[in-house]
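Asker: Next up is a structure, given as structure tokens.
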Amino acid sequence: MMQKVREIMTPAPVSLPSGATLAEAAKQMRDHHIGDVLVVDDDRLLGIVTDRDIVIRAIAEGSDPRQTSLGEVCSREGLTCVTPQDDAEQAVALMRSKAIRRIPVLEDGRPVGVVSLGDLALERDSRSVLADISAAPANN
């Protein structure tokens, strides 16, 4: 039987409203040992912000992380999402074709999880280097 997204996703994703600051998102990422925060308004997904987005799209461009909102930086256009009922192979194919590392998982339009490269590595080859890194305790 084909594996479903719900079996490999990280549930209960960390999300913040679009008006939250990059500094707030960075603190959530640090505290939860994650590399992304979903951007929501009224429980509806607007976009995603990654640690890389904060550095490349904001700080490197001179934006103040205490003043810049997630809505100003998050990836919105063509946001790729899956549902918990989708086949895990579909998530893999989307990640490959779009060269992305994380996919929000939506149910009835609301975020319920995230599938990351680390989730896939842990599930598919628990002996891989990426799986080892993904399973290791955070180094903060």
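Asker: Over 5 Å intervals from 0, what percent of Cα-Cα pairs in the chain sits in each interval?
Answerer: That works out to 2, 10, 19, 22, 20, 15, 8, 3, 0, 0, in percent per bin.
Asker: Then there's this: In whole Å, largest first, what are the principal axis extents of the Cα atoms in the range 16-64?
Answerer: That works out to 30, 21, 13 Å along the principal axes.
Asker: Given 4 °C and 1.567 mPa s, compute D for the range 28-109 with the Stokes-Einstein relation, Rh being the Kirkwood radius over Cα pairs; round to the nearest whole µm²/s.
Answerer: Working: Rh = 13.9 Å.
The diffusion coefficient I find is 93 µm²/s.
Asker: Under unit Cβ charges (Lys, Arg +1; Asp, Glu -1), what dipole magnitude, rounded to 20 debye, does the chain have relative to its Cα centre? Numbers along the way, then the final one.
Answerer: Numbers: 16 positive and 22 negative charges, 58 e Å.
Using only the charged Cβ atoms, the result is roughly 280 debye.
Asker: Hey, another quick one. Summing +1 for each Lys or Arg and -1 for each Asp or Glu, what net charge is found among the other residues whose Cβ lies under 9 Å from the Cβ of V114? Mind showing how you got there, number by number?
Answerer: Numbers: positive: R102; negative: D36, D119.
Counting the neighbours of V114, the net charge comes to -1.
Asker: Residues with beta-carbon under 14 Å from that of L22, excluding L22: net charge, scoring Lys, Arg +1 and Asp, Glu -1? Walk me through the intermediate numbers first.
Answerer: Values: positive: K27, R30, R52, R57, R66; negative: E24, D36, D51, D53, E61, D64, E72.
The answer is -2.
Asker: Related question: For A99 and Q67, what does the FRET efficiency come to when R0 = 41 Å and r is the distance between their Cβ atoms, rounded to the nearest 0.05? Please report the intermediate quantities before stating the final value.
Answerer: Numbers: r = 31 Å, r/R0 = 0.75.
Result of the calculation: an efficiency of 0.85.
Asker: Which percent of the accessible heavy-atom area of the range 1-100 goes to carbon and sulfur, probe 1.4 angstrom? Write out the running numbers ahead of the final one.
Answerer: Values: 2780 of 5750 Å².
Within the range 1-100, the accessible surface is 48 percent carbon and sulfur.
Asker: K27: accessible area at probe 1.4 Å, nearest 10 Å²?
Answerer: Surface open to solvent at K27 totals about 110 Å².
The values are calculated or read from the model by the stated rules, or taken from the named source; none is laboratory data. Predicted model only: the values in this text are computed from it and were never measured. Positions of Cβ are backbone-derived with ideal geometry, glycine not excepted, and every protein chain shown enters the neighbour counts. Areas reflect the complete protein model, heavy atoms only, side chains present, ligands, DNA and RNA absent. Shrake-Rupley method; radii C 1.70, N 1.55, O 1.52, S 1.80 Å.
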